[in-house]
1. Going by average Cβ density within 10 Å per residue, which order do the peptides 89-101, 29-41 take, highest to lowest?
2. Which value, in debye to the nearest 20, describes the size of the charge dipole of the chain about its Cα centre when Lys and Arg Cβ atoms bear +1, Asp and Glu Cβ atoms bear -1, and nothing else is charged?
3. How large is the Kirkwood hydrodynamic radius of the chain, in angstrom, based on all distinct alpha carbon pairs?
4. May I ask you to derive the FRET efficiency for residue 42 and residue 16 from their Cβ-Cβ distance with R0 = 35 Å, giving the value to the nearest 0.05?
5. Could you work out how far the C-alpha centroid of region 88-134 sits from that of region 23-87, in angstrom?
6. Between 117, 104, 57, find the one with the highest GNM mean-square fluctuation for the chain; connect C-alpha pairs within less than 10 Å.
7. Over the chain, what is the mean sequence separation of C-alpha contacts under 8 Å (at least six apart), divided by residue count, expressed as relative contact order in percent?
8. Work through the residues other than residue 82 whose Cβ is under 15 Å from its Cβ and net out their charges, Lys, Arg +1 and Asp, Glu -1.
Amino acid sequence: MKRGVPLKSRNVKRRDPALASLQREKVIERDGFRCVAQLVSRGVRCPVTHPRDLQCAHLIRRHLCGDAIYDPNVAVTLCRLHHDILDRRAPIALWDSIVIPSEAIDRAEACVRAAEAKREADGRAVVHLKGKAI
Ligand SMILES: [Zn+2]
């Protein structure tokens with residue numbers, strides 16, 4: 001029996017590696033080379049700073065970002081664990097253990113809405129983002 005494409009390469013075709021890499025660099029630099037998650041239990045920012053553990057995490061699902069998908073404003077720096085929590089890959093018991101700064105969420109939403117407005121102004125089709133980002 002033939003098996004499907006492995007999950008980890010599912011997005012390979014529609015994700016531009018060069019643009020994604022550039023976005024990651026800009027996001028991590030902007031966030032001061034540190035995970036931005038606030039730890040609810042201790043009321044402090046996550047201490048993870050090792051570059052190997054830092055990831056560029058979209059605050060709005062990539063397929064909903066439209067033209068802003070590679071814009072640094074739609075993403076934040078998160079460590080591996082906190083990225084897994086954001087994307088609901090981590091165990092459910094951990095989901096409420098972090099808070100993403102609201103200004104980052106607002107920035108991501110404003111960025112996508114600005115990209116939508118630009119498409120509209122250009123007379124191009126737009127599928128509007130519904131409700132809050134996450
Ligand atoms: Zn973290």
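1. Numbers: 89-101: 12.8, 29-41: 15.9.
So the peptides 89-101, 29-41, ranked by packing, come out 29-41, 89-101.
2. 680 debye
3. Working: mean 1/r = 0.0626 Å⁻¹.
Roughly 16.0 Å, rounded to one decimal.
4. Working: r = 38 Å, r/R0 = 1.08.
My answer for the efficiency is 0.40.
5. Centre-to-centre (Cα) distance: 13 Å.
6. 117
7. Numbers: 168 pairs, mean separation 31.8, N = 134.
For the chain, the relative contact order is 24 percent.
8. Working: positive: 34, 42, 45, 52, 80, 88, 89; negative: 31, 53, 84, 87, 96.
Result for the neighbourhood of residue 82: +2.
Only the coordinates and a few stated rules stand behind these numbers; no lab work does. As the structure is a computational prediction, the values presented were derived from the model and not from experiment. A quick note on method: Cβ atoms are made from the backbone with ideal geometry, for glycine too, and the neighbour counts reach across all protein chains shown.
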